[in-house]
Amino acid sequence: QVQLVESGGGLVQAGGSLRLSCAVSGNIFSPDVMGWYRQASGNQRDLVATITRTGNTLYSDSVKGRFTISRDSAKSTVSLQMNSLKPEDIAVYYCKVVRSLYVYWGRGTQVTVSS
């Protein structure tokens, strides 16, 4: 059974930084894509950033230049370094992993930014 556990969320002042991590365990080897999505209250879940097995990255326009996604295949983790946080970044952040036809989600971690 594959499990994704996010950590690193919390409360930070505007302009501050947080680092989210997602630990992947279970019967999954070298995911095709790992990524982060977020869902603000009352909104749909949106893409934040993804990274492929070969290291290609994709960012939403709203976080380009501020967030950096990385993965450690040996440790089966994907991280999101978030700098220059803004109140509009407030959301629950979810880790997502894709391997072939299978998609797995974590339970999410809350990020709150005070202005």
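The values are calculated or read from the model by the stated rules, or taken from the named source; none is laboratory data. The structure displayed is predicted, hence computed values, not measured ones. A quick note on method: Cβ atoms are made from the backbone with ideal geometry, for glycine too, and the neighbour counts reach across all protein chains shown. In case anyone asks, the SASA skips ligands and DNA or RNA and just uses the protein heavy atoms, side chains included. Shrake-Rupley method; radii C 1.70, N 1.55, O 1.52, S 1.80 Å.
Tabulated data for the structure shown
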{"read-out": "Pair Arg45, Phe29: separation of 7 Å Cα→Cβ label points (nm)", "value": "2.7"}
{"read-out": "Magnitude of the charge dipole, the chain, Cβ model with Lys/Arg +1 and Asp/Glu -1, debye to 20", "value": "160"}
{"read-out": "Reachable aspartates and glutamates from Lys64, criterion Cα separation under 13 angstrom, eight or more residues apart if same chain", "value": "Asp89"}
{"read-out": "By accessible area with a 1.4 Å probe, ligands and nucleic acids excluded, highest first: order of Asp32, Asp89", "value": "Asp32, Asp89"}
{"read-out": "Taking the stretch 4-115 and dividing mean pair separation by its residue count, relative contact order in percent (alpha carbons under 8 Å, at least six apart)", "value": "38"}
{"read-out": "Leu101-Lys64 pseudo-label distance in nm [points 7 Å out on the Cα-to-Cβ vector]", "value": "3.5"}
{"read-out": "Inter-label distance, nm, simple model (7 Å from Cα along the C-beta direction), Gln1/Lys75", "value": "2.5"}
{"read-out": "Fraction of accessible area attributable to carbon and sulfur, the stretch 19-101 (%, probe 1.4 Å)", "value": "48"}
